[in-house]
Amino acid sequence: MAIIPQDLTDRIRRLEAQLRMLTTAANRRPAMNQVLHGDVEIGEGGSLSVKQPGGAETFRAGEVGPIAGEHALVVRRRDGSVAISVWNGTTTVQAQAVRIKDAQGNELLSEDVVAGGLARPHLPVVMSPAQGGDWPSTKATDWTDLQVAWPEVQHPRMEVFAQALANGAGGDIRITVDGQTVASGSTSKTIQATFKIPNYTFGAHPEIKLQARAKASSTVWACVQRLYGVAS
């Protein structure tokens, strides 16, 4: 008996059904530019690089160079200058420092990888007179300004250390911020306190004062010896 060929129309229908199945399966695959679940792992010395249309690299994580084998993180500006890095660049032995640089390449912030703490910036240390008799003083029995500052605040709180001494019956001291008392003490009680800056606004310049008042027939000498911003 002769083999009867399948109907051509049936063949076309089956091919169309298979094509629809393939198209549906392709559409169900996740987009190639997304990671919806899980991790992306780059191993065996590989790196992740992000480049501008012109080819300049703005981000690199992995083997960075110029020292072979150093894996690091570098973020660059569009002109190619380094902005942020966790990188050594000279050896794979010494710990890598976190650095933030300005557009001219100066280090604004970096860590000391040997002893810990800061490498940059260099912080000033304010010294006060060693002899209490050289401190600002008052004989007034009303609150009197002895020291004042208008810092640009960058922290919501501050820590203060202030001392006072007196002759006679003594007196009181206090720290005020824009007229509000935030810490108080006396000639027999050192001020060592952490206080919130009232109505804190980043970058504002509140008026911070050390004030003192003496008891009758007395003199009060006082001095702020430590004052700096701290976090919440």
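The values are calculated or read from the model by the stated rules, or taken from the named source; none is laboratory data. Computed from a predicted structure; not experimentally measured. Here Cβ is always computed from backbone atoms with ideal geometry, including for glycine, and neighbour counts include all displayed protein chains. SASA here: full protein model, heavy atoms, side chains in, ligands and nucleic acids out. Shrake-Rupley method; radii C 1.70, N 1.55, O 1.52, S 1.80 Å.
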A correct Karplus calculation of ³J(HN,Hα) over region 177-193, with 6.51 cos²θ - 1.76 cosθ + 1.60, θ = phi - 60°, whole Hz and x for Gly and Pro, returns 10, 6, x, 9, 6, 10, 7, 9, x, 7, 5, 10, 9, 5, 7, 9, 8
Among GLY46, GLY80, GLY38, the residue with the largest mean-square fluctuation in a Gaussian network model of the chain built from Cα contacts under 10 Å is GLY38
Expected field for TRP135, accessible surface area in Å² at 1.4 Å probe radius, rounded to 10, holds 20
Helix-only [θ] at 222 nm, the chain, -39500 (n - 2.57) per DSSP H run of 4+, per residue, nearest 500, equals -3000 deg cm²/dmol
About its Cα centre, region 103-225 carries a charge dipole, from +1 on Lys and Arg Cβ atoms and -1 on Asp and Glu Cβ atoms, whose size in debye to the nearest 20 is 480
Computed over region 99-159, the relative contact order (Cα-Cα under 8 Å, seq sep at least six) in percent reads 15
In debye to the nearest 20, the charge dipole size for the chain, taken about the Cα centre with +1 at each Lys and Arg Cβ and -1 at each Asp and Glu Cβ, equals 480
If one builds a Gaussian network model of the chain from Cα atoms under 10 Å apart, the most fluctuating residue listed among ASN33, ASN88, ASN199 is ASN33
The farthest towards the positive end of the charge dipole of the chain, of the residues VAL160, GLN18, TYR200, given +1 on Cβ of Lys and Arg and -1 on Cβ of Asp and Glu, is GLN18
Tilt, helix 8-28 to longest principal axis of the chain (alpha-carbon atoms), in degrees rounded to tens, equals 10
Surrounding charge for THR190, neighbours by C-beta under 14 angstrom, Lys/Arg +1, Asp/Glu -1, total +1
Length gained, ARG11-PHE59, 0.36 nm per residue minus C-alpha separation, equals 11.9 nm
Candidate cut points under trypsin sites (Lys or Arg not before Pro) in region 31-138, DSSP loop plus at most 16 other Cβ atoms within 10 Å of their own Cβ, are ARG77, ARG78
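Grab the other residues whose beta carbon is less than 9 angstrom from that of THR58, score K and R as +1, D and E as -1, and report the net.
+4
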Counting as exposed only GluC sites (Glu not before Pro) in DSSP loop states with no more than 11 other Cβ atoms inside 10 Å, the longest exposed-site-free span of the chain is 45-151
Placing one equal point scatterer on each C-alpha of the chain and summing with Debye, one gets log10 I(q)/I(0) at q = 0.07, 0.11, 0.13, 0.14 Å⁻¹ equal to -0.53, -0.82, -0.92, -0.98
The answer for the chain, accessible area per residue at 1.4 Å probe in Å², is 69
Heavy-atom accessible area with a 1.4 angstrom probe orders VAL160, VAL35, most exposed first, as VAL35, VAL160
For ALA204, the residues 5 or more places away or on another chain with a placed amide H closer than 5 Å to its own amide H are VAL153
Hits in region 130-149: amide N under 20 Å from the 7 Å Cα→Cβ extension of GLN225, namely 130-138, 146-149
For VAL126 the rounded accessible area (nearest 10 Å², probe 1.4 Å, non-protein molecules ignored) is 120
In whole percent, the fraction of accessible protein surface over region 68-149 that belongs to carbon or sulfur atoms, probe radius 1.4 Å, stands at 55
